[in-house]
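Student: Quick one: the structure is below, and I'll ask about it shortly.
The values are calculated or read from the model by the stated rules, or taken from the named source; none is laboratory data. Just so it is clear, the structure is predicted and the values come from calculations on it, not from any experiment. Positions of Cβ are generated from backbone atoms using ideal geometry, with glycine treated the same way; all protein chains shown enter the neighbour counts. Just the protein is used for accessible areas: all its heavy atoms, side chains included, with ligands, DNA and RNA removed. Shrake-Rupley method; radii C 1.70, N 1.55, O 1.52, S 1.80 Å.
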Amino acid sequence: MAYDAVVFDMDGVLVERTPQWVFDETAEETLSAFDITDPMGYEYRAIRHLEGTPDRALEHFDAEYGIDFEEVWQHRDEVLASKQATAVQRNEKNLYDDARRVDDIPVPTGVVSNNLQPAVETVLNSYDLADSFDTVYGLSTRLSEYDYRKPNPTYLEAALRDLDADSAVYVGDRASDVKAARRAGIDGAFVRRPFNDDEVFPPASPRFAADSLGELLDDLEPHLAQAE
């Protein structure tokens, strides 16, 4: 099969994952901003990674504090994007050495990430990579679209439409990426890292897997439409 587009996840594929202190400080500062000074465990977890459903958080914060969780989540996302920029500046969220090879890919490319759209744009701009991709999708800051996270293929399908792709491959570092690719009707490719050695792929395995992005791109090269 000849691929006419390649789409990438960002964190864990192009750049290092976000350090945990970013999420911890984001939760603490967001709670403080809304004068929640003695939170139960759920509030912290809801803001850190939205434990449970959006509806549960909406109901809980309204009942316990009279606060609209939509506003809390919007503030949280602003803080989270800002702290990721700080992590980049501190060299704590670095570009992988082989990531710049995306400029050599002879077919259209895109990014689809579960990270926030403002954070994705900030990170890519920080490494002068924004212009390397023809389309970029991060997670919307709207709470109503939280369930569009992969393996939901909504953003991946949107990217494929933008790229006018008939046959594409999606490069990720999680089983959810492979599942999103399958749900979008395309092949998945997997970059192995020390943090994902134990990843499993039911019910479908990636078509390609390699120990680095560079190695994976070498494997993909003969399968790219313009490389034939």
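Student: With the requirement that a residue be touching a strand residue (DSSP E or B) at 6+ places or on another chain (Cβ under 8 Å) and open to solvent by 20 Å² or more (accessible area, probe 1.4 Å), what does segment 17-40 give you?
Tutor: Our first condition is that a residue be touching a strand residue (DSSP E or B) at 6+ places or on another chain (Cβ under 8 Å); within segment 17-40, this holds for 17-18.
Of everything in segment 17-40, just one residue is touching a strand residue (DSSP E or B) at 6+ places or on another chain (Cβ under 8 Å) and open to solvent by 20 Å² or more (accessible area, probe 1.4 Å), namely R17.
Student: Quickly run through segment 41-74 and pick out the residues that are open to solvent by 10 Å² or more (accessible area, probe 1.4 Å) and not in a helix (DSSP H, G or I).
Tutor: The answer is E51, G52, T53, G66, I67, D68.
Student: Of all residues in segment 148-158 being part of a helix (DSSP H, G or I) and either touching a helix residue (DSSP H, G or I) at 6+ places or on another chain (Cβ under 8 Å) or closer than 14 Å to V107 by Cα (or both), which is most open to solvent (accessible area, probe 1.4 Å)? Please lay out each step first, then the result.
Tutor: First, the residues of segment 148-158 that are part of a helix (DSSP H, G or I): 148, 154-158.
From the residues that got through so far, the ones that are either touching a helix residue (DSSP H, G or I) at 6+ places or on another chain (Cβ under 8 Å) or closer than 14 Å to V107 by Cα (or both) too are 148, 154-156.
On the way: Y148: 82, T154: 47, Y155: 25, L156: 3 Å².
Ranking the candidates gives Y148 first.
Student: Being of a type in the set (V, I, T), open to solvent by less than 20 Å² (accessible area, probe 1.4 Å) and either free of Cβ contacts under 8 Å to residues at least 60 places away in the same chain or touching a Cys at 6+ places or on another chain (Cβ under 6 Å) (or both) is the filter here; which residues of segment 116-147 pass it? Quick ask: steps written out before the conclusion?
Tutor: From segment 116-147, those of a type in the set (V, I, T) are 120, 122-123, 135-136, 141; that's our starting set.
Of the ones still in play, those that are also open to solvent by less than 20 Å² (accessible area, probe 1.4 Å) are 120, 123, 135.
Of everything in segment 116-147, just one residue is of a type in the set (V, I, T), open to solvent by less than 20 Å² (accessible area, probe 1.4 Å) and either free of Cβ contacts under 8 Å to residues at least 60 places away in the same chain or touching a Cys at 6+ places or on another chain (Cβ under 6 Å) (or both), namely T135.
Student: Specify which of the listed residues (D103, D128, D77) is in a loop (DSSP other than H, G, I, E, B) and either of a type outside the set (F, W, Y) or at pLDDT 95 or above (or both).
Tutor: Numbers: D103 fails: in a loop (DSSP other than H, G, I, E, B); D77 fails: in a loop (DSSP other than H, G, I, E, B).
Just a single option satisfies the conditions, and that option is D128.
Student: Do you know which residues across segment 159-176 are basic (K, R) and assigned to a loop (DSSP other than H, G, I, E, B)? Explain how you work it out, then say what you get.
Tutor: From segment 159-176, those basic (K, R) are 161, 174; that's our starting set.
Passing the criteria: only R174.
Student: Further question: Going by what's in this entry, would E121 be described as of a type in the set (D, E) and in contact with a helix residue (DSSP H, G or I) (Cβ under 8 Å, 6 or more places away or on another chain)?
Tutor: Values: of a type in the set (D, E): yes; in contact with a helix residue (DSSP H, G or I) (Cβ under 8 Å, 6 or more places away or on another chain): yes.
Yes; evaluated as a whole, the condition is true for this residue.
Student: Scan segment 207-218 for residues that are within 26 Å of R161 (Cβ to Cβ) and either part of a strand (DSSP E or B) or over 18 Å from the mean Cα position of the chain (by Cα) (or both) and jot them down. Please lay out each step first, then the result.
Tutor: Restricting attention to segment 207-218, the residues satisfying the condition of being within 26 Å of R161 (Cβ to Cβ) are 207-208, 213, 216-217.
Correct list: R207, F208, L216, L217.
Student: Consider segment 91-108. How many of its residues are open to solvent by less than 20 Å² (accessible area, probe 1.4 Å) and of a type outside the set (V, I, T)?
Tutor: So in segment 91-108, the residues open to solvent by less than 20 Å² (accessible area, probe 1.4 Å) come out as 93, 99, 102, 107.
Now narrow it down to the ones that are of a type outside the set (V, I, T): 93, 99.
Going through segment 91-108 one residue at a time, the tally reaches 2.
Student: Only one of V88, V111 is open to solvent by less than 20 Å² (accessible area, probe 1.4 Å), hydrophobic (A, V, I, L, M, F, W, C), closer than 18 Å to A189 by Cα and not in a loop (DSSP other than H, G, I, E, B). Can you tell me which? Let's see the steps before the verdict.
Tutor: Values: V88 fails: closer than 18 Å to A189 by Cα.
Matching residue, one of V88, V111: V111.
Student: Would segment 10-20 turn up any residue that is in a loop (DSSP other than H, G, I, E, B), at positive phi, at pLDDT 95 or above and over 22 Å from the mean Cα position of the chain (by Cα)? Write out each step before concluding.
Tutor: If we filter segment 10-20 for residues that are in a loop (DSSP other than H, G, I, E, B), which is where we start, we get 10, 12-14, 16-19.
Applying the additional criterion that residues be at positive phi yields 12.
Add one more test, that the residue is at pLDDT 95 or above, and what stays is 12.
Among the residues that remain, those that are also over 22 Å from the mean Cα position of the chain (by Cα) are: none.
No, segment 10-20 contains no residue that is in a loop (DSSP other than H, G, I, E, B), at positive phi, at pLDDT 95 or above and over 22 Å from the mean Cα position of the chain (by Cα).
Student: Ok, one more. Taking segment 184-200, which residues are crowded, with 16+ Cβ neighbours inside 10 Å and either modelled with pLDDT under 95 or part of a helix (DSSP H, G or I) (or both)? Reasoning before the result, please.
Tutor: Taking segment 184-200 first, the residues crowded, with 16+ Cβ neighbours inside 10 Å are 184, 186-191, 193, 199.
Matches in segment 184-200: R193, E199.
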